[in-house]
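The values are calculated or read from the model by the stated rules, or taken from the named source; none is laboratory data. For clarity, every value in this text was computed on a predicted model and none was experimentally measured. Backbone-built Cβ (ideal geometry, glycine too); neighbour counts: all protein chains shown.
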């Protein structure tokens with residue numbers, strides 16, 4: 001019988017946060033689009049739009065979806081902070097002309113000005 005590998009809970013947490021971010025930001029987008037195409041004017045907040053919800057109720061859902069999405073995004077930043085810092089350091093080092101990671105300055109053909 002094969003042995004089971006150890007469970008890496010951090011990987012599961014990162015995957016769950018990524019999935020939750022996609023779902024909640026999609027809900028924010030859909031509810032925002034629905035509010036954008038909804039009629040405006042007097043008494044427009046009392047008219048049923050979709051799923052038997054009025055414009056006012058969709059606005060409240062949109063607000064709550066947005067709060068939840070911001071909270072999940074903050075959790076995503078906290079969990080992946082080291083990876084984000086690593087990416088920023090790499091990108092900053094690549095765009096420096098004297099960096100060994102920048103291939104344009106290490107090429108002898110580039111150094112002579114020949115393209």
For the stretch 92-105, indicate whether the set of residues that are at pLDDT 85 or above, exposed (fewer than 12 other Cβ atoms within 10 Å of the Cβ) and out of contact with any strand residue (DSSP E or B) (no Cβ under 7 Å at 6 or more places or on another chain) is non-empty.
yes
Scanning the stretch 39-55 for residues that are part of a helix (DSSP H, G or I) and surrounded by 12 or more Cβ atoms within 10 Å (Cβ to Cβ) gives 44, 45, 55
Hey, residue 13 surrounded by fewer than 16 Cβ atoms within 10 Å (Cβ to Cβ), in contact with a helix residue (DSSP H, G or I) (Cβ under 7 Å, 6 or more places away or on another chain) and in a helix (DSSP H, G or I) or not
yes
Do we find that residue 28 is loosely packed, with under 10 Cβ neighbours inside 10 Å and either in a helix (DSSP H, G or I) or modelled with pLDDT of 95 or more (or both) in this structure?
no
Filter the stretch 60-76 down to residues that are touching a helix residue (DSSP H, G or I) at 6+ places or on another chain (Cβ under 7 Å) and over 12 Å from residue 27 (Cα atoms) and give me whichever is surrounded by the most Cβ atoms within 10 Å (Cβ to Cβ).
72
